[in-house]
Amino acid sequence: MTAIGILVTFLGFVLAVLSLTLTTSVNGRLFIVLAGLAVSLIGLIGIINKGLLKNAIWRK
Amino acid sequence: MALGASLALAQPAAPAAAAPVPVTDADIKGVAPPNADARVKGDPDGGLTGTVSDVAVGDAKKGLTVGDVINQVGQNKVAINFVWTLITGFLVMFMQAGFAIVETGLCRAKNANHTMMMNFMVYGTGMLAYWLIGFAIQMGGVGGVGNLGGAPPLNTEHVMTLFGKPFGLFGQHGLFLMQGGTYDVAVMVVFLFQMVFMDTALTIVTGSAAERWKYAAFLVSSFIMGAFTYPLFANWAWGGGWLANLGTNFGLGKGYCDFAGSGVVHAVGGLTALALAMIVGPRLGKYTRQGKPNAIIGHDIVLVLTGCFILAFGWFGFNPGSTLGASGNGNLRIGSIAVNTMLAGMAGGFGAMFYMWMRYGKPDASMSGNGLLAGLVAITAPSGFVNPVGAVIIGLIAGVLVCLSVEFVDRVMKVDDPVGAISVHGANGLWGVISVGLFADGKSNYGGSWNGVTGSVTGLFYGDASQLVAQLIGVVTLVGFVFVFSFVVNLIIDACIGQRVSAKAELEGLDLPEMGQLGYPEFELKARPAGAQ
């Protein structure tokens with residue numbers, strides 16, 4: 001779970017960098033970068049953190 | 001209108017512009033020094049001190065020449081900028097004291113020695129790592145710092161070609177401040193100023209992992225952050241790396257703009273703090289078995305608010321000092337930058353205080369302090385590019401954002417952050433980076449260009465949407481790269497030596513088990529149930 005989360009979070013960064021070559025329009029780049037940010041946040045909050053909470057110390 | 005017209009008529013006609021008269025060595029030689037007899041009697045009003053006799057002469061046989069005067073003017077400019085940058089760097093160094101007492105005050109008395117020692121030794125640990133390798137990675141390829149006389153030895157950046165454009169990745173000159181000709185007066189000034197910034201980022205992390213972080217793991221983690229994590233992103237933003245060149249290479253505004261480090265310093269620190277807090281887990285008693293958070297209050301609000309004031313004072317070094325000079329290249333903006341800094345801090349304090357007052361019925365002291373810091377963090381990136389109204393709006397939003405973020409981190413993510421470092425520095429660092437892309441008013445002019453692109457930094461509200469895209473790419477790099485890098489590094493440290501102390505040590509308080517000495521040995525400390533006010 002943690003490894004998948006790390007990959008998804010990093011994928012958002014890759015998407016933002018790819019925006020530089022996928023289009024030259026400002027709006028197009030803005031859309032892709034925002035999509036990259038959403039992917040990174042999903043990876044961080046939705047996957048990595050959620051996975052860690054499953055084994056949180058307060059559950060034991 | 002009539003009065004204005006009569007005043008205009010009363011003005012004498014402007015004289016015709018006179019042709020410039022060249023100054024020769026003969027003219028210079030005609031300038032007489034003060035009378036020696038008068039000088040011997042003292043100079044109470046300062047009128048005789050600092051005259052032609054103080055200008056260095058290059059060749060004693062020729063006497064004073066125009067060339068000598070020009071060289072003196074150049075050295076005066078660089079000297080002013082050296083002194084400005086060094087003194088503001090000293091102010092930033094003093095922020096370590098502010099961080100230390102804010103964090104210690106927000107922790108329990110049984111961990112006072114441990115929390116203070118982390119804040120104390122992060123200064124030396126970070127500095128060692130940065131001197132050995134971090135500075136070279138960050139600034140080794142910056143390619144000249146005009147305000148400080150050039151610093152030409154910092155001229156080698158490792159570049160990768162991607163999409164047909166050069167992507168600067170890391171610098172290669174400056175190891176030990178000797179390699180590559182970096183034993184240089186200007187390089188030393190750059191090092192001191194950048195070193196204290198790096199240490200600020202490192203000390204943010206000690207807050208989020210306080211009260212349960214193993215001291216040995218803290219040392220290793222801080223060393224790696226000072227050597228690699230911070231310098232890498234700082235190179236991309238400030239050292240001539242690929243983010244700074246988004247403007248020249250891809251037409252995105254003036255490239256990624258982060259005047260004093262909302263992203264480089266605070267978001268890097270805040271996101272690493274988040275990674276650490278997630279890995280070490282919450283303190284014992286912070287959450288019930290159902291996941292409901294308990295408040296674990298700090299032991300000294302006086303320390304906390306005093307520390308906030310020290311930090312606000314140090315911020316006058318952080319932001320205005322980031323011009324790296326007071327003379328030339330539009331550096332008189334330092335007045336505007338200092339005022340923006342204080343206004344945003346004020347607005348942040350008010351924003352947080354009123355939010356807490358309306359939501360919980362009382363103007364919470366620690367959150368008001370965090371609101372002040374949040375405003376300061378948020379204005380750090382835009383301080384050099386926005387006007388006072390923009391600064392107040394940015395600070396006010398930061399003050400409310402820090403409260404919302406603390407609630408989100410505490411209740412939704414269930415990440416235990418004893419001092420609010422993730423929200424103050426992480427969330428508001430990112431907001432500061434974005435705010436440049438919104439509020440930069442296009443009126444700043446630092447020598448006619450920024451990041452190699454002609455013109456002034458201009459945000460979306462003043463007509464340039466592409467600047468916002470550059471800023472957002474910086475934000476995604478922080479979340480998608482810096483967080484991941486920090487998380488993986490600290491997972492490895494966790495696997496090798498363990499990040500968290502034993503439950504027994506945590507319950508006892510870390511002062512004796514980790515440090516061997518109580519912070520307050522003459523006081524009897526009584527345990528209080530978590531959540532009790």
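Quick rundown of the values:
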| quantity | calculated |
| --- | --- |
| Rg to Rh, two decimals, where the range B:203-316 supplies the alpha carbon set and Rh follows Kirkwood | 1.07 |
| Axial C-alpha extent at least 24 Å, average Kyte-Doolittle at least -1.0 - helices from chain B (DSSP) | B:66-106, B:112-129, B:185-208, B:301-318, B:334-360, B:388-407 |
| Cβ neighbours within 10 Å from other chains - mean over B:458-471 | 2 |
| Residue order for A:Ser25, B:Ser435 - accessible surface, 1.4 angstrom probe, largest first | A:Ser25, B:Ser435 |
| Debye log10 I(q)/I(0) at q = 0.23 Å⁻¹ for the range A:8-60, Cα point scatterers | -0.76 |
| Heavy-atom SASA rank of B:Glu157, B:Glu508, B:Glu514 (probe 1.4 Å, accessible area, largest first) | B:Glu508, B:Glu514, B:Glu157 |
| Long-range amide H partners of B:Thr458 with built H, under 5 Å | B:Lys254 |
| Cβ-based charge dipole, chain B, positive-most Cα from B:Ile279, B:Asn340, B:Ala60 | B:Ile279 |
| Charge tally in the Cβ shell below 9 Å around B:Val409, where Lys, Arg are +1 and Asp, Glu are -1, B:Val409 excluded | -2 |
| The range B:432-533: chymotrypsin sites (Phe, Trp or Tyr not before Pro) in DSSP loop, at most 12 other beta carbons within 10 Å | B:Phe523 |
| Nearest-20 debye value, the protein assembly as shown charge dipole, Cβ charges on Lys, Arg, Asp, Glu | 1700 debye |
| For the range B:77-511, share of DSSP beta bridges that run antiparallel, in % to the nearest 5 | 90 percent |
| Per-residue SASA entry for B:Arg359, accessible area with 1.4 Å probe, Å² rounded to 10 | 120 Å² |
| ³J(HN,Hα), Karplus 6.51/-1.76/1.60, whole Hz, each residue of the range A:26-34, x for Gly, Pro | 5, 5, x, 5, 4, 4, 5, 5, 5 |
| 18 Å Cα-Cα reach of B:Lys504 towards aspartates and glutamates, excluding residues that sit fewer than 8 places from it in its own chain | B:Glu211, B:Glu514 |
| Ellipticity estimate at 222 nm from DSSP helix runs (n ≥ 4, -39,500 (n - 2.57)) divided over chain B, nearest 500 | -16500 deg cm²/dmol |
| Lysines whose Cα lies under 24 Å from that of B:Lys29, excluding same-chain neighbours fewer than 8 positions away | B:Lys61, B:Lys62, B:Lys77 |
| Cβ neighbours within 10 Å from other chains - mean over A:6-17 | 5 |
| For residues of B:63-73, the mean tally of beta carbons on other chains within 10 Å | 0 |
| Cα pair distances of the range B:13-106 binned at 10 Å [whole percent] | 12, 23, 24, 18, 12, 8, 3 |
| Simple spin-label estimate for A:Ala56 and B:Leu162 in nanometres, 7 Å along Cα-Cβ | 3.5 nm |
| Low-density loop positions, trypsin sites (Lys or Arg not before Pro), the range B:52-98 - DSSP coil, at most 10 other Cβ in 10 Å | B:Lys61 |
| Pairwise burial A:B, computed as accessible area of each alone minus the pair, summed, 1.4 Å, Å² | 2800 Å² |
| Rg followed by Dmax, in Å, when the protein assembly as shown is reduced to its Cα trace | 26.6, 89 |
| Apportionment of accessible area to carbon and sulfur, the range B:347-435, percent (1.4 Å) | 76 percent |
| The range B:77-511 - charge dipole about Cα centre, Lys and Arg +1 at Cβ, Asp and Glu -1, debye rounded to 20 | 480 debye |
| Too-long pairs where the Cα-Cα distance tops 19 Å, listed order kept, from A:Lys50/B:Lys292; A:Lys60/B:Lys414; B:Lys110/B:Lys414; B:Lys110/B:Lys214 | B:Lys110/B:Lys414 |
| Quotient of C-alpha Rg and 2.2 N^0.38 Å, computed over the range B:370-499 | 1.21 |
| With eigenvalues of the C-alpha gyration tensor scaled by 5 and rooted, chain B, Å | 46, 27, 25 |
| For the range B:69-133: accessible area per residue (Å², 1.4 Å) | 41 Å² |
| For the range B:131-257, the spread of Cα positions along each principal axis, largest first, Å | 47, 34, 23 |
| Euclidean distance of C-alpha centroids, the range B:107-173 and the range B:21-52, integer Å | 45 Å |
| Within the range B:281-358, trypsin sites (Lys or Arg not before Pro) in DSSP loop having at most 16 other beta-carbon neighbours inside 10 Å | B:Arg289 |
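The values are calculated or read from the model by the stated rules, or taken from the named source; none is laboratory data. Values in this document were obtained by computation on a predicted structure and should not be read as measured data. Virtual Cβ from ideal backbone geometry, glycine too; neighbours counted across all protein chains shown. These accessible areas exclude ligands, DNA and RNA; they are computed on the full protein's heavy atoms, side chains included. Shrake-Rupley method; radii C 1.70, N 1.55, O 1.52, S 1.80 Å.
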